[in-house]
1. Quickly run through the stretch B:416-450 and pick out the residues that are among the charged types (D, E, K, R), modelled with pLDDT of 80 or more and assigned to a strand (DSSP E or B).
2. Residues that are of a type outside the set (Lys, Arg) and within 29 Å of the chain's Cα centre (by Cα), at least 3 per element: which strands (runs of 3 or more DSSP E) completely within the stretch B:324-401 meet that?
3. I need the full set of residues from the stretch B:311-323 which are surrounded by 17 or more Cβ atoms within 10 Å (Cβ to Cβ) and not in a strand (DSSP E or B), in order please.
4. Out of the stretch A:153-165, which residues are part of a helix (DSSP H, G or I) and either modelled with pLDDT under 70 or buried (at least 23 other Cβ atoms within 10 Å of the Cβ) (or both)?
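The values are calculated or read from the model by the stated rules, or taken from the named source; none is laboratory data. All of these numbers come straight from a predicted model, not from anything done at the bench. Cβ: placed from backbone, ideal geometry, glycine included. Neighbour counts: every protein chain shown.
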Amino acid sequence: MDEQQAIQRLKQGDISGLEFLVNHYQVKAVRTAYLITRDLGLAEDIVQDSFLLVNRSIRNFDSARPFEPWFTRSVINASVKTMQKSARQVEAGEEADESIFAELNSGFDSVEGQVESIEFQNQVWDAMQKLSPRQRAVIVQRYYLEMSEAEMARESGVAIGTVKWLLNAARQRLRGWLAERGDK
Amino acid sequence: MNGNRMKDALENITRRKIPDDINLWPRISVRLDKRKSLMQTLRARPLLMILIIVLIFLALTGVVYAIGRAAGYIPGVGIVDQSTPLRILAEPVSQTRDEITVTVKDAVLSSDESVIVFAIVFTGENKPDEKLSPLQDAICLSWPKLRLPDGTLLQINGGGGIGTYDGRLRYPPLPANTREATLIVPCIPYTKSGTLPENWELPLRFVPAPPNMTLIPVIEITPSPEPDFATGTATQNLLSITKVIDTGNSYILIGEFRLPAPPKAADWTVQPGIIKLSDANGQEISYEPPQDIDLPPPESPNAYVWTIKFSKGFAPPIRISYPYQYILSDSSHATYEFEFDAGSNPQEGQTWELNKEIQMAGHTITLVSIQALGTGYNFEFMSSDHSIGSVGVSIDGYTLIGGGGGGPDQPIGWEAGLNYAELPKGKLKVILSDLFILGETKISTIDWQP
């Protein structure tokens with residue numbers, strides 16, 4: 001069975017089509033949700049719900065389009081929405097003033113050269129914690145899913161300029177914190 | 001930012017936590033089994049069967065109106081979820097310092113969000129300087145936060161309004177038993193840091209909404225598929241109306257425009273145009289975007305959400321026309337390089353009128369001018385045949401820290417701004433790439449009858 005056949009089967013009510021899609025896309029989907037939610041249990045729940053949504057809405061899906069971007073968008077939106085709704089409040093003093101981000105963003109390349117790979121991963125993980133769910137999502141879309149800015153604009157339903165702005169803001173924050181940690 | 005390094009880091013982070021052999025299917029299949037089939041349910045509930053037949057009849061007439069109306073519209077606040085009891089602001093709160101007044105005029109707390117309606121009024125000399133630039137000046141970019149009695153801070157989720165200082169702040173929902181909170185305004189947004197009063201704290205008190213509080217129903221519409229006579233299958237109109245609000249003297253419509261994928265384009269986006277409304281007599285109807293409705297995210301992939309408000313008194317039905325234009329990436333990945341001599345000491349505002357014609361991917365672009373601005377340059381381009389949407393600009397050897405662009409709102413021109421840690425000087429290699437080509441403008445329409 002290939003993807004087109006799986007979708008066709010699912011449209012006809014054959015659940016084996018869904019099983020095929022789950023087997024093919026679950027790992028990347030859970031990893032994507034995890035990068036945004038930072039909670040494995042929550043990420044798995046979101047991906048399960050997203051597949052159940054696929055089962056309910058597959059009849060509206062245009063079979064001429066690739067399945068993965070459509071599904072990934074659903075996972076990203078659900079992850080961001082869940083995080084925003086869960087009201088994970090930032091403790092007073094923990095959040096940084098946005099105006100300092102631009103000042104912190106220089107020197108990232110030199111920091112990159114200095115740190116070991118595993119340490120860099122930990123720094124990225126820690127720095128991403130300080131981004132908002134929406135900013136995390138654009139970083140995940142651009143760097144983990146390797147989407148172009150035009151794809152991101154289309155998938156998010158916003159102008160390409162908005163994506164550039166969001167991405168630039170997220171990058172600046174990330175670079176700032178990475179540079180800050182690298183200096184310590 | 002080094003993309004490969006970031007990709008590797010993110011990949012390794014997730015691999016450490018989530019193995020390749022993760023298997024969600026058993027849990028998903030259990031949840032699928034728990035769902036009764038539709039026919040099982042219908043056999044058990046004949047009244048539901050009748051209701052569905054009625055809905056199918058309504059669907060055949062064009063649209064299905066939602067039976068459960070969980071959402072309500074409050075003028076000035078927007079659309080709120082009223083499935084659980086609402087809480088509202090007990091009384092407006094206002095503070096004035098140095099002839100600047102910050103007021104919380106209203107608030108509505110629902111199960112899915114907290115909406116704070118606020119205004120900042122400048123009555124004296126202290127006013128925001130519109131010439132300030134976030135790239136060049138130390139300005140306040142912090143939006144107000146909501147502090148709960150236990151000290152936790154809620155960050156803003158969204159908002160909207162008339163300008164920067166009159167509108168709504170949207171926060172996550174407050175716990176059901178929360179009766180008070182404090183709006184923290186660290187500084188007045190988009191003003192120069194340290195010049196105006198900072199660290200405002202406005203205590204807010206919430207009370208249950210009175211039972212007679214009126215919410216205007218928001219009627220949800222599910223668009224019915226339109227038959228495609230060529231294939232015999234049902235397809236959906238690109239344009240759909242998802243919500244209708246009858247405010248008494250006007251209508252508010254919220255809808256979506258779903259983007260069709262262009263043929264043979266891997267990378268594309270769409271430039272939406274300006275919506276036009278006309279009535280049964282062909283008379284153009286004026287409308288405005290409602291200032292108190294923050295657009296919800298699109299409900300379907302590749303979609304734009306739109307909203308319009310227009311007065312009653314037209315000849316129905318009205319026709320909504322939505323123009324759109326594809327912007328396609330240049331599949332040849334053409335680039336163009338040239339040398340630009342900025343000199344050893346370029347001055348702020350210095351402009352080089354170049355009118356340089358450039359050929360890229362079979363299109364002619366004119367680089368009209370380059371202007372030094374702050375720690376960067378502004379490039380002005382023109383495409384005389386209207387065929388180019390934008391082009392990426394970079395200066396070889398310099399790392400961009402910001403930038404932006406405009407257009408193609410003017411008929412044939414657009415700008416690209418580049419900002420660096422320090423202004424690049426001397427002979428610079430400018431590289432043009434990432435061409436976006438404008439496609440044909442098309443119009444999608446839908447008719448609506450109150």
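1. Going through the stretch B:416-450, the residues among the charged types (D, E, K, R) turn out to be B:422, B:425, B:427, B:429, B:434, B:440, B:442, B:447.
Now narrow it down to the ones that are modelled with pLDDT of 80 or more: B:422, B:425, B:427, B:429, B:442, B:447.
Listed by number, the residues that qualify are B:Lys427, B:Lys429, B:Lys442, B:Asp447.
2. Output list reads B:376-382, B:388-395.
3. Step one: list which residues in the stretch B:311-323 are surrounded by 17 or more Cβ atoms within 10 Å (Cβ to Cβ), which gives B:314, B:318, B:320, B:322.
Of everything in the stretch B:311-323, just one residue is surrounded by 17 or more Cβ atoms within 10 Å (Cβ to Cβ) and not in a strand (DSSP E or B), namely B:Phe314.
4. A:Arg154, A:Glu155, A:Ser156, A:Ile160, A:Gly161, A:Thr162, A:Val163, A:Trp165
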